[in-house]
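Step one of this worksheet: look at the structure below.
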Amino acid sequence: MIHYSVIPMDVIFEGMDTYEPKFIEIDQGGVKMQIEPISGFQARIVRLFSSNPQDYLNNQYAPGTIISYSPVVEAALTF
């Protein structure tokens, strides 16, 4: 990849090596997808895990779309 810019490469790629996204797999409306939480109740769709071509044509499930979701914490029972 060639990148031409007047901005120094150190500025452009600053923080790139320390970025660690936290992806979560959820089922939203019957469509399994991978999301990246951006706040408490919002997330960005990263990609879909679906074999149905109609899911990819639905604008609601387009990668980059911000969705609202409520995280569910499962309690582990120990005896």
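Matching residues to (1) surrounded by 10 or more Cβ atoms within 10 Å (Cβ to Cβ); (2) in contact with a strand residue (DSSP E or B) (Cβ under 7 Å, 6 or more places away or on another chain); (3) among the acidic types (Asp, Glu); (4) modelled with pLDDT of 90 or more:
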site	(1), (2), (3), (4)
His3	no, no, no, no
Tyr19	no, no, no, no
Val31	yes, yes, no, yes
Glu36	yes, yes, yes, yes
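Output the qualifying pairs, or none if there are none: Cβ atoms under 9 angstrom, residues six or more apart or on different chains, first residue in the stretch 44-60 and farther than 19 Å from Phe23 by Cα, second residue aromatic (Phe, Trp, Tyr) and open to solvent by less than 80 Å² (accessible area, probe 1.4 Å).
Sorted first by the residue in the stretch 44-60, then by its partner, the pairs are Asp55/Tyr61.
Return yes when Ile24 is closer than 15 Å to Pro71 by Cα and either touching a helix residue (DSSP H, G or I) at 6+ places or on another chain (Cβ under 7 Å) or surrounded by fewer than 15 Cβ atoms within 10 Å (Cβ to Cβ) (or both) and no when it is not.
yes
The values are calculated or read from the model by the stated rules, or taken from the named source; none is laboratory data. The model shown is predicted, which means the values in this text are computed figures rather than measured ones. Glycine also receives a Cβ, built like all others from the backbone with ideal geometry; neighbour counts cover every protein chain displayed. Just the protein is used for accessible areas: all its heavy atoms, side chains included, with ligands, DNA and RNA removed. Shrake-Rupley method; radii C 1.70, N 1.55, O 1.52, S 1.80 Å.
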